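The values are calculated or read from the model by the stated rules, or taken from the named source; none is laboratory data. Given the structure is predicted, the values throughout are model-derived calculations rather than measurements. A quick note on method: Cβ atoms are made from the backbone with ideal geometry, for glycine too, and the neighbour counts reach across all protein chains shown. Note: areas computed on protein heavy atoms with side chains; ligands, DNA, RNA excluded. Shrake-Rupley method; radii C 1.70, N 1.55, O 1.52, S 1.80 Å.
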Amino acid sequence: MQRYLFLLLLLTAPRMGSAVEVVGWVEKAHIFPGNMLVKARVDTGAKTSSLSADALRYFEREHETWVRFSTTNYKGSTIWLEQKVSRVAHIKQNDGGLKERPVIRLSICLAHIYQETEVTLENRDQMNYQLLIGRAFLNGHFLVNPKAVFTNPPRCSEGISKPPSVPPQLKAQ
């Protein structure tokens, strides 16, 4: 099986234009700002990533809508973040209704890939994973091995993948 996965990787990588990381369906990732280590479910069925957000509050800053929220990782560590709302997503529910969720820009380090992506915010307390990583983040960088878990830890290197400096008002409280 691993031989076929390796062959698929070799055949696919040149068309994608860069090196491709193989990740399992569950991995650890760092989120920025805050540099928090979280458990992430890799979900090829979701377009947008989603982060667990508690105590979500909207507020205005310089005529723009922002959110303040906390997120807690699997170790029980909590950080508070403030981020500008880039848009509002309308998510179809199982009962057919629509639910609105704020969408922010958040930087994620998965394996050695560090990039900014759109993330919806929702209370994921009933979920096993604080972060769901969707196709928009995965596209062109990752192949997913559905049998693997925790095989490719976050290792974004300083200098190449260093997170941008965070303005003081956005740093975790």
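Summary of values
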read-out	value
DSSP-assigned coil residues among chymotrypsin sites (Phe, Trp or Tyr not before Pro) in segment 124-155, each with at most 15 further Cβ atoms within 10 Å	150
Carbon/sulfur fraction of accessible area - segment 22-138, other protein chains in place, 1.4 Å, %	44 percent
Karplus 3J(HN,Hα) series, Hz, for segment 112-120 with 6.51 cos²θ - 1.76 cosθ + 1.60 (x for Gly, Pro)	10, 8, 10, 7, 8, 8, 6, 9, 7
Prolate/oblate/rounded label for segment 28-95 (Cα gyration tensor, a/c 1.5)	oblate
Inter-site label distance for residue 150 and residue 65 at 7 Å from Cα along Cβ, in nm	3.9 nm
Whole-Hz couplings from phi, Karplus 6.51/-1.76/1.60, listed for segment 28-39; x for Gly and Pro	9, 9, 9, 10, 10, x, x, 6, 9, 7, 10, 8
Inter-site label distance for residue 26 and residue 93 at 7 Å from Cα along Cβ, in nm	2.8 nm
HN-Hα J in Hz across segment 102-108 - Karplus 6.51, -1.76, 1.60, θ = phi - 60°, x for Gly and Pro	x, 10, 10, 9, 9, 9, 10
For residue 65, residues with placed amide H under 5 Å, excluding near neighbours	85
Neighbour-limited loop hits for chymotrypsin sites (Phe, Trp or Tyr not before Pro), segment 58-110 (at most 13 other Cβ within 10 Å; DSSP other than H, G, I, E, B)	74
Loop-located trypsin sites (Lys or Arg not before Pro) in segment 10-110, at most 14 other Cβ atoms within 10 Å (DSSP)	47, 75
